[in-house]
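Here is the structure we will look at.
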Amino acid sequence: MKQWSLYAGSFAGIKVFIHWSFWIIIAWIFMLHFQMGHGWAEGVNGAVFVLALFGCVVLHEFGHALTAKSYGVPTRNITLYPIGGIASLEKMPDKPGQELAVALAGPAVNVVIAGGLYLWLKSSGGLMPLSEMDHMGGGNFWFNLMAANVILAGFNLIPAFPMDGGRVLRALLAYRMDKLKATNIAARIGQLLAIVFVFLGFFTNFWLVFIGFFIYLGAGGEVAYERQKASLKGLLVRDVMLTKLPVLSADAAISEAVKDAIASQERLFFVGIDGQIQGVTSFNELLEAHKNSASERSIGEIIIPHVEGVSEHTDLNTAVRKLMGNPKKYIAVTHGGQVTGAISQKHIEDVISIQDQINKKAS
Ligand SMILES: [Zn+2]
């Protein structure tokens, strides 16, 4: 997804990206205003308003991201989509109080912006009686921006998990029950509201249909994520890591290794020198090196310098988070500086489904 997004800048070490589809909206708004017969000025005004509005959305996302940062949770990036912004936090804080603060910080930013604009408009005499407010043209730019911030705060606080209001709801529920149960309830409510959004969207604003779909899918995804976390809870990397992988010789040429790899039917391999395991590699990685005409170089040259690993004693949920963000889809496991095993995404999926069955039997 990232390659389709434009890098817009960064603040506090958090990069902001603008998804390509966002520009369609800007163009659409421009056309809409332009076509209403007001010409270029109105078109530009409409487009500038949307940009200002999304500026407020970015600040909203920084509200989440910086609050999370204060609890030691980093944010991968912030990306702007036509339906709003998304701050990709590395994870949600586990303590309900912290999740509550992170969820509320976004809408709070919009309340502050709206309040500031209100005070400014009031002191500068720019605030007109509500009876004259039916005209939403370009002349009311700042008033409209204030109103939009009120709507942003209000809309995000609707308890449609995983929207902010839904996260608030889950955090409140999590004070009274375990997180998985709280997530299940919040997600049910979220999906119910999502269906209402889709239904209403058909009759009012079509964006609601999109937003409804995203909420529905998002709620399902969050349940799956919490279920996964619950099933891996209490396990360490060494409890599940793969230790019996075929060993490829570090001296072997990539082309030879690909042949061996095909014959073994495995997808993950140790790389060894003189009986010592030095690294881990995957079938895909070997194939990639082969395609990039490195086939006469040795595995040792290509793989071993790039080994990154987690310790055997790492909590499995922490390791899985690292694994999911890793494009190689596997991580080497180390102990005392030695490679002792590996975990892969495919393998962890199996572990999760096995753990699920064990837990089902137990309960
Ligand atoms: Zn938010």
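Brief remarks on what is shown
- Residue within segment 83-91 that is away from the ligand (no atom under 16 Å from the Cβ), without any contact (Cβ under 8 Å) to a residue 60 or more places away in the chain and not assigned by TED's automatic domain parsing to the domain that holds Thr318 present: no
- Inclusion of Val57 among residues that are near the ligand (Cβ under 10 Å from one of its atoms), within 21 Å of Lys229 (Cβ to Cβ) and assigned to a helix (DSSP H, G or I) is not warranted.
- Whichever residue in segment 192-224 is buried (at least 18 other Cβ atoms within 10 Å of the Cβ), among the β-branched types (Val, Ile, Thr) and closer than 19 Å to Gly85 by Cα and, among such residues, is modelled with the lowest pLDDT: Ile211
- When residues in segment 143-179 are screened for being more than 16 Å from the ligand (Cβ to nearest atom), surrounded by fewer than 17 Cβ atoms within 10 Å (Cβ to Cβ) and without any contact (Cβ under 8 Å) to a residue 60 or more places away in the chain, 4 of them pass.
- The condition of being of a type in the set (A, V, I, L, M) and in the same structural domain as His347 (by TED's automatic domain parsing) holds for only one of Ile262, Ile211, Ile195, that being Ile262.
- Which listed residue is within 11 Å of the ligand (Cβ to nearest atom) and either crowded, with 16+ Cβ neighbours inside 10 Å or not assigned by TED's automatic domain parsing to the domain that holds Gly218 (or both), from Ala105, Ala114: Ala105
- Taken together, Glu285, Glu308, Glu349, Glu296 contain a single residue that is more than 26 Å from the chain's Cα centre (by Cα), outside the structural domain of Arg76 (by TED's automatic domain parsing) and without any contact (Cβ under 8 Å) to a residue 60 or more places away in the chain, which is Glu296.
- Output for segment 96-116, where each listed residue is touching a strand residue (DSSP E or B) at 6+ places or on another chain (Cβ under 9 Å) and either among the β-branched types (Val, Ile, Thr) or outside any helix (DSSP H, G or I) (or both): Val102
- Residues of segment 60-95 classified as buried (at least 17 other Cβ atoms within 10 Å of the Cβ) and either in a helix (DSSP H, G or I) or among the basic types (Lys, Arg) (or both), total: 10
- Test for Ile189: is it at pLDDT 90 or above, assigned by TED's automatic domain parsing to the domain that holds Gly220, over 23 Å from His60 (Cα atoms) and not acidic (Asp, Glu): yes
- The condition of being under 25 Å from the mean Cα position of the chain (by Cα), under 29 Å from Ser311 (Cβ atoms) and surrounded by fewer than 16 Cβ atoms within 10 Å (Cβ to Cβ) holds for Gly234.
- Scan of segment 74-100 for residues that are more than 30 Å from Gly201 (Cα to Cα) and more than 13 Å from the chain's Cα centre (by Cα), ordered by number: Pro93, Asp94, Lys95, Pro96, Gly97, Gln98
- Qualifying residue in segment 74-95 (condition: within 15 Å of Phe11 (Cα to Cα) and acidic (Asp, Glu)): no
The values are calculated or read from the model by the stated rules, or taken from the named source; none is laboratory data. None of the values given here were measured: they were computed from a predicted structure. So basically every Cβ, Gly included, is an ideal-geometry build from the backbone, and we count neighbours across all protein chains shown.
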